[in-house]
Structures are given as C-alpha cells and as structure tokens.
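Okay, so here's the structure we're looking at.
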Amino acid sequence: MLKKLLPEIFVRHGPRPILTPDDLPFKANAVLNPGVAVVDGEVVLLLRIEDRRGVSHVHVARSANGVDGWRIADQPLLQADLPGHPFEEWGCEDPRVTQISPERWIIAYTAYSRYGPAVALATTTDFDSATRLGVVLSPTNKDAALFPKQFHNHWLMLHRPVTGGQEHIWYVSSPDLKDWTGPGVLLPQRSGPWWDGLRVGVGAPPIETDEGWLLIYHGVKDMGGRPVYRLGLALLDLENPRKMVARASEWAFAPETDYEQRGLVPNVVYTCGAVARGDELWMYYGASDTVIGLAIAKIRDLLRFVRENDYLHRVGRQKGMVT
C-alpha cells in the first residue's frame, strides 16, 4: 500500500525504496541522491554511488516506467579520481540535471577533493558520455542547480556556499556557463529552532509552473547532536526568479519510514531530482544516505501548500525581515 505523509501532499511509492545497493551490478556501500531526466519516454537517473573505499561516482540508470526494471550502467558517467581532474579526487557527488535544449542537458555536481567541495558542471547529449566544463565555483560550495531557460540572455544557477559559518541558498548568473557573476542571497537559513534553521540547500532544479518556479529545498536542524534533513517548498517569481514570492513555514516531507530513519546517516531525506509527469511531480530522493526512494505529489497540491503555509513569510516581508 501507498503510505501517506504528513502533510498529505507526497505519497511514497510502496513500502520499500526503489533502489538499494543490492540492486547494483557491482558491490557498493550506498546508492543515493539521484538527478533525473526524461529521455525518449524513459526515466533516466544519475545515481550517486559510493564505492567501498568511500569515494562517490555518478552512474546512469534507465527505466521504462520510472519505478522498476532499472538498467544500470556498470561504468560511471562521471568517474572520480581521474588524471587531470584533481578537484574530483575524492568524489563526484549529488548530480542535478537540467535540460537546456532539446538534445542537451547540463549536470551540476559536487566535485570533492582535499581542497573541499566545489561546484562543477558537465554536459551530455545522450547520458552515455559527458563533457566536463570543470569547477566553476570554488570551495566551500555545493548543492548547485540550473534553471532550464535563460533570463536576459544569462543562465541562472542556485548554489550553497559557506559564508561566515552560514549556509544560505544563493544565486549567480552566466552568459556562457563558464564565468559566473552577480551573486545574491535567495533563501536564507532561518536560524533558531526552525526545522531549516541550521542550514538550507537546493533540492531538485526549479520546476516551472503557471504560478512561478517551484523550488524544493532541504533544511537541517540539529536534534540531540544529530542533524535531521527535511524538505520544504518555496515559490520564485516566474520572470525574475531572484525574487522569492512564497516560502512555506512548515516542512513538506520528512524522514518517517524505517529506511529513512535508519542507515549510514539516519533521519535524512535529500532530493537532487524531480520531474513533472502530467499533473504529478515525481521526486526521487536519497534516504539515510543509503538507498533511493520515490515520492509523488500533485503539482497543484504543492503550490497550494506553499501558498497556504506562507503566513510567517508574509509577516516577515511586511516587517522588512525576509528577502
């Protein structure tokens, strides 16, 4: 049976994760945090797979229905620790996929090395091979995702730098996908006791709707010395997504099942990818940094949720306290 979440906007697909390390054609420690695209009617996941050394690579999985029957490539699309890529020596992590033309996708991922996590980009036309553009934002930085269209002839990317010990969601823009300028804060951590008070970061790349760009983001709170990762919703202006028009005060998705509360990193739900399929949003997510789950929601319910739970944001905006 499908298990309903509280609030009842997302529904998990079945009682178990859709992918585990046991489903892989090779030994691995974990499979988590996939990016997602739809290509020729198939669902394509970019899996972060942590090998038994602790190093992560990005592998491609394909499925006709997006639920099962996954065909998993045994060789990485983005392999860590390759000669000539010193900033990826410790891993290629958490890929987020954005389609920027009918036959071109861009992958924003975390390049991890002894110098810290940095934002790197790669492009692909078929998900059989990828062309690296290299590191575009230096450490410490991660959780990057691009919008699928340009604004005033510039690409817009969201990311999460560490600035003065704080971790907010920022934006930056580029005319060529190489040089990124014009930074600003989009969505700050709320601090204090809030569920997203310790830090925030981009989830799936923003999703275009009639009411604005829907942004799923993760928020973290320290609970008894351990972080708890939940997912929240915000709505960005359709023409100027540097402007946030609504932010739900409550979380929308939280670790509730056994496989979300137990694993390598307990009490974590973390998404890098979601796709609109008709009037539904299919969200693929990592659970406890160990396995992959799928949760589905009606897009209209997500929009209603962020609007109806925006009371505190409206109050803060009236007082000039919220960006």
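Of the GluC sites (Glu not before Pro) found in segment 13-117, the ones in coil according to DSSP and having at most 11 other Cβ atoms within 10 Å of their Cβ are Glu103.
At what distance in angstrom do the alpha carbon centres of segment 203-230 and segment 119-178 lie from each other? Centre-to-centre (Cα) distance: 17 Å.
Using 16 Å as the cut-off for backbone N distance, which residues of segment 242-283 belong to the label zone defined by a point 7 Å from the Cα of Lys298 along Cα→Cβ? Once the point is set 7 Å along Cα→Cβ of Lys298, 277-282 turn out to lie under 16 Å by backbone N, inside segment 242-283.
Cα-Cα over 25 Å: which of Lys149/Lys298; Lys142/Lys221; Lys149/Lys221; Lys149/Lys178; Lys27/Lys178; Lys142/Lys178?
Listed pairs above 25 Å: Lys149/Lys221; Lys27/Lys178.
Once the piece of chain linking Asp279 and Glu308 is laid out straight, how much longer is it, given 0.36 nm per residue of separation minus the C-alpha distance between them?
Additional length available on full extension: 8.5 nm.
Residues of segment 164-178 with amide nitrogen under 18 Å from the 7 Å Cα-to-Cβ point of Arg104? Zone members listed by number: 173-178.
When the helix-only estimate is applied to the chain (DSSP H runs of n ≥ 4, each -39,500 (n - 2.57), divided by the residue count), what is the mean residue ellipticity at 222 nm, nearest 500 deg cm²/dmol?
Value at 222 nm, helices only, nearest 500: -1500 deg cm²/dmol.
Using Cβ point charges alone (K and R +1, D and E -1), the dipole size of segment 42-193 about the Cα centre works out to roughly 340 debye. Mean-square fluctuations from a GNM of the chain, with a 10 angstrom spring cutoff on Cα atoms, peak among Pro95, Pro76, Pro183 at Pro183.
For Ala30, the residues whose amide H sits under 5 Å from its own are Glu50, ignoring neighbours fewer than 5 places away on the same chain, with H placed 1.01 Å from N.
Is the shape of the chain best called rounded, prolate or oblate, per the rule: a/c under 1.5 gives rounded, else a/b larger than b/c gives prolate, else oblate, with a ≥ b ≥ c the square roots of the Cα gyration tensor eigenvalues? Rounded. Dipole size of segment 11-318 about its Cα centre, with +1 on Lys/Arg Cβ and -1 on Asp/Glu Cβ: approximately 720 debye, rounded to the nearest 20. Listed by chain and number, the aspartates and glutamates whose alpha-carbon sits under 18 Å from that of Lys243, ignoring those within fewer than 8 places in the same chain, are Glu208, Asp210, Glu211, Asp310. Each residue of segment 198-212 was assigned a 3J(HN,Hα) from its phi angle through the Karplus expression (A = 6.51, B = -1.76, C = 1.60, θ = phi - 60°), giving 7, 6, 9, x, 4, x, 6, x, x, 10, 6, 10, 5, 9, x Hz with x at Gly and Pro.
A short reminder: the numbers here are calculations on the coordinates, not readings from a lab. Because the structure is a prediction, the values reported are computed rather than measured. Cβ atoms come from the backbone with ideal geometry, glycine included; neighbour counts cover every protein chain shown.
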